[in-house]
Amino acid sequence: MEAINKQTYRLIIGATLLSTFTFAQIEKDKQLHFFAGVLSAYVGEKIFDTPESPIISAFAVGLGKEIYDEISYGGFDDFDLFATTLGGVVIYLLNKPKKNKINNKILYA
């Protein structure tokens, strides 16, 4: 249960910092794509449980949306796909597995 709380805490802090510092200059559509990427990455991470699944699931959702836009009105937007995938990258970086540190102790036999 503690791991879920840490992940949720990291997600809230990361989203708050990103929205505070960077979203003032980014248009609303890209913000929505970013948050869709965060949501799809979080769900993809829970379903597939692999280290790269947040990025892959966010990219897949973004690609599907842009293909739908292209079919509907001829509007494939690379930057929308990038913004959605970036949401997955952020989740990946926030939940990146920590490397085990080796103790610098000398063992005497």
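Computed from the coordinates by the stated procedures, all read-outs in this text should not be read as laboratory data. As the structure is a prediction and not an experimental result, all values here were calculated from the model.
Just a few scattered comments:
- Here the Karplus curve 6.51 cos²θ - 1.76 cosθ + 1.60, taken at θ = phi - 60°, turns the phi angles of segment 77-87 into couplings of 10, 4, 5, 5, 4, 5, 5, 5, 5, 4, x Hz, with x standing for Gly and Pro.
- Here the Karplus curve 6.51 cos²θ - 1.76 cosθ + 1.60, taken at θ = phi - 60°, turns the phi angles of segment 64-74 into couplings of x, 5, 6, 5, 4, 4, 5, 5, 5, 9, x Hz, with x standing for Gly and Pro.
- Applying 0.36 nm per residue to the separation of Tyr73 and Leu93 and subtracting their alpha-carbon distance, the gain on full extension is 3.8 nm.
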